[in-house]
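The next block holds one structure in the form of structure tokens; read it before the comments.
The values are calculated or read from the model by the stated rules, or taken from the named source; none is laboratory data. Only a predicted model underlies this, so the values are computations on that prediction, with no experimental measurement involved. Every residue, glycine among them, receives a Cβ derived from its backbone with ideal geometry; neighbour counts consider all protein chains shown. Keep in mind that these areas ignore ligands, DNA and RNA; they rest on the heavy atoms of the full protein, side chains included. Shrake-Rupley method; radii C 1.70, N 1.55, O 1.52, S 1.80 Å.
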Amino acid sequence: MGVTIGPGGYFLNFTSYGVQINGGHEVMMDRVWLGETNFDYDHVAFAHRPNATAIAINGNDHYVTHTIVFSSRVGMLVRGAANNIRGVHVWFPLNHATAFPDTKAFYVTAGGNRFDGCYIDGGRGVFERAGLVRNVWTNGFECCQIGKEAAGTPHSGIVLVGNIVGPGFEVVHNEFKKPVQHYPFVRDGVLGARPYDAASDGPLKVTGSVIAHNSVIEGALGTQATLSQSRTNATSWSFNFCKSLVFPQIAVETNVPMTGTITVDVDSSAPSTKFH
């Protein structure tokens, strides 16, 4: 308790961890740069797999703000609760992070954390196990993957690992280039060799959570959306949510013809009495 890293700092050429926070409370890290290698090192050209974790939080109630990770296998690892991660930008030399199967810009395995204004720059933001409960990711940004991802692994963006999401998991008010992805498992640090499939992995259950709401995401499917439709002298109103929600169409029928506007506000997640 009482440790401050920064404001201002530059960590370079670490081989295991740049900064590792174990236990404790209220460590504050601000305006720091971290890189396993220099920012222009071409891992693909030299066939050199990244190995280190830039920042690891193995405890509760810590703060990491306005910090840049420019080279690492894992940018931000969060294994505790009640941590506040704000304005953290994780990228990778030449934006080739997804060429390697085990790279993760953000890797979250515990719940109860807040991520505000963070930037996934060509990498993966992975939430698994308890990381799928009571975490909030808001005002974030993702883009700019260069090259093809490693065979059978996710492209850049948010990746949810497991078939139960929530309660209290929220991804809201973001701008993403890639849609949220679901994968069934992580083995030896490498994401499963295929995307989530309900037929093989069981039904995907989302409880008391909001995914991709009020976000700009190309090709994404979320759990909440709103559509309005105006018609004249109609008894049937069909709302097509196929491009925005994880279920297809909704139909509204009236027993007498109506003229006006109907707005359908849909939440496809299951309700919960716990934090959300």
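Things to note:
- Taking strands (runs of 3 or more DSSP E) as the structural unit, those lying wholly within the stretch 91-140 and holding at least 3 residues that are closer than 21 Å to residue 184 by Cα and open to solvent by less than 30 Å² (accessible area, probe 1.4 Å) correspond to 104-108, 124-128.
- In the stretch 158-180, the residues that are closer than 19 Å to residue 110 by Cα, of a type outside the set (Val, Ile, Thr) and either part of a strand (DSSP E or B) or at pLDDT 85 or above (or both): 160, 166, 167, 168, 169, 170
- Residue under evaluation residue 81, criteria (1) surrounded by fewer than 19 Cβ atoms within 10 Å (Cβ to Cβ); (2) modelled with pLDDT under 95, criterion not met: (2)
- Annotation note: of 61, 102, 42, the sole residue that is of a type in the set (D, E, K, R) and more than 20 Å from residue 124 (Cα to Cα) is 61.
- Residue list for the stretch 35-53, restricted to those being within 22 Å of residue 76 (Cβ to Cβ) and of a type in the set (Phe, Trp, Tyr): 39, 41
- Residue match in the stretch 1-11 (condition: assigned to a strand (DSSP E or B), more than 15 Å from residue 73 (Cβ to Cβ) and open to solvent by 70 Å² or more (accessible area, probe 1.4 Å)): yes
- Residue within the stretch 53-76 that is on the phi < 0 side of the Ramachandran plot, open to solvent by 70 Å² or more (accessible area, probe 1.4 Å) and part of a loop (DSSP other than H, G, I, E, B) present: no
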